[in-house]
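Here is the structure we will look at, set down as structure tokens.
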Amino acid sequence: QVRLQESGGGLVQAGGSLRLSCTASGTIVSSDTMGWYRQGQGKQREFVARLSSDGRPTYADSVKGRFTISRGDAKNTVDLEMSSLLPQDTDVYFCKATLQMSRGDYYRDVWGQGTQVTVSS
């Protein structure tokens, strides 16, 4: 059973910084894209940032220049460094990984449970 575990959420003042981490555990043959999404109450989940298997980052326009996505030191880990945070960044942040769990199998999307980020004004 593969699971994603997010950490690093919390409460921060506007202009502050937070670092989110996501680690995939379980039987993983290969990982492709890993990334972050966010969702506010009553809103659709939206893309924040992703990192391709060859290390190319992609960002939503709303976070460009403020957020940085990177591979963590551990295998199958992705971090999101968030700076210059705004109250509108307040959301639950979800990690998503596209993983191959057995040889010859398709790559599948796996989601974490989410971590709350609250930015006070």
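The values are calculated or read from the model by the stated rules, or taken from the named source; none is laboratory data. Since we're looking at a predicted model, the values are computed, not measured. When we count neighbours, we look across all protein chains shown, and the Cβ atoms used for this are built from the backbone with ideal geometry, even at glycine. In case anyone asks, the SASA skips ligands and DNA or RNA and just uses the protein heavy atoms, side chains included. Shrake-Rupley method; radii C 1.70, N 1.55, O 1.52, S 1.80 Å.
Going through segment 56-82 one residue at a time, which ones are assigned to a loop (DSSP other than H, G, I, E, B), under 19 Å from residue 107 (Cβ atoms) and open to solvent by 40 Å² or more (accessible area, probe 1.4 Å)? Even if it seems obvious, please write down each step before you answer.
Here is the first cut: in segment 56-82, the residues assigned to a loop (DSSP other than H, G, I, E, B) are 56, 60-66, 72-76.
Still in the running and under 19 Å from residue 107 (Cβ atoms): 56, 75-76.
Result: 56, 75.
For segment 36-55, how many residues meet the condition of being more than 11 Å from the chain's Cα centre (by Cα) and either within 16 Å of residue 115 (Cβ to Cβ) or surrounded by 18 or more Cβ atoms within 10 Å (Cβ to Cβ) (or both)?
Of the residues in that region, 5 qualify.
With respect to the numbered conditions (1) under 21 Å from residue 2 (Cβ atoms); (2) modelled with pLDDT of 95 or more, which one is the sole condition not fulfilled by residue 99?
(2)
Looking only at segment 70-121, which residues are hydroxyl-bearing (Ser, Thr, Tyr), touching a Leu at 6+ places or on another chain (Cβ under 7 Å) and over 28 Å from residue 13 (Cβ atoms)?
Answer for segment 70-121, where residues must be hydroxyl-bearing (Ser, Thr, Tyr), touching a Leu at 6+ places or on another chain (Cβ under 7 Å) and over 28 Å from residue 13 (Cβ atoms): just 107.
Restricting attention to segment 24-35, does a residue exist that is buried (at least 19 other Cβ atoms within 10 Å of the Cβ) and under 16 Å from residue 118 (Cα atoms)?
The answer is no; no qualifying residue exists.
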